[in-house]
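As structure tokens, the structure follows; a few thoughts come after it.
The values are calculated or read from the model by the stated rules, or taken from the named source; none is laboratory data. Note that the structure is predicted; figures quoted are calculated from it, not measured. Positions of Cβ are backbone-derived with ideal geometry, glycine not excepted, and every protein chain shown enters the neighbour counts. Areas reflect the complete protein model, heavy atoms only, side chains present, ligands, DNA and RNA absent. Shrake-Rupley method; radii C 1.70, N 1.55, O 1.52, S 1.80 Å.
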Amino acid sequence: MTRIPEKDRDLIEKAMYLPMLIVVLEKDLKVIDKASFKLKEPYINLVEDTLKAVQRDLKVVKELMRKENMKVQQTSHDEAFTQFSFIWKGYEEKHSYFNPAIRNRVHSLLEYYLYKRFNS
């Protein structure tokens, strides 16, 4: 059972997932840059703009977490699960996430930031 309210847990999870999304976008940017597209600039611009949007949101998340005395840190990782330590207002909780679930969540966030955020 968790003591962390859902709203705060959602914020902490954003602090987990957004850096992962940044890594994905940075790797994709390198791949696009090396690819032999005839017109690669639009793709590069799309990924760079998306990366900036994610970084802005992560900055806001980190500021809110600092104000609310919250932290998240990855503590372990294996083939199936990744464990995180959530620190919320002096309490520490360990949370394990199934790696395919993490991947699916980052995938959903990537879709959101690439095109769904413009429709919201």
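When Gln55 is tested against (1) of a type outside the set (Phe, Trp, Tyr); (2) within 18 Å of Tyr17 (Cβ to Cβ); (3) modelled with pLDDT under 95, only condition (3) is not met.
Of all residue pairs spaced 6 or more apart or on separate chains, those with beta-carbon atoms under 9 Å, a first member in the range 1-30 that is touching a residue at least 60 places away in the same chain (Cβ under 8 Å) and a second member that is open to solvent by less than 70 Å² (accessible area, probe 1.4 Å) and basic (Lys, Arg) are Thr2/Arg9. In the range 1-50, the residue that is nearest to Leu64 (Cα to Cα) out of those that are open to solvent by less than 30 Å² (accessible area, probe 1.4 Å) and among the hydroxyl-bearing types (Ser, Thr, Tyr) is Tyr17.
Looking across the range 56-94, the residues that are in contact (Cβ under 8 Å) with a residue 60 or more places away in the chain and either among the charged types (D, E, K, R) or surrounded by 14 or more Cβ atoms within 10 Å (Cβ to Cβ) (or both) come down to Glu68, Met70, Val72, Phe84, Phe86, Trp88, Glu93.
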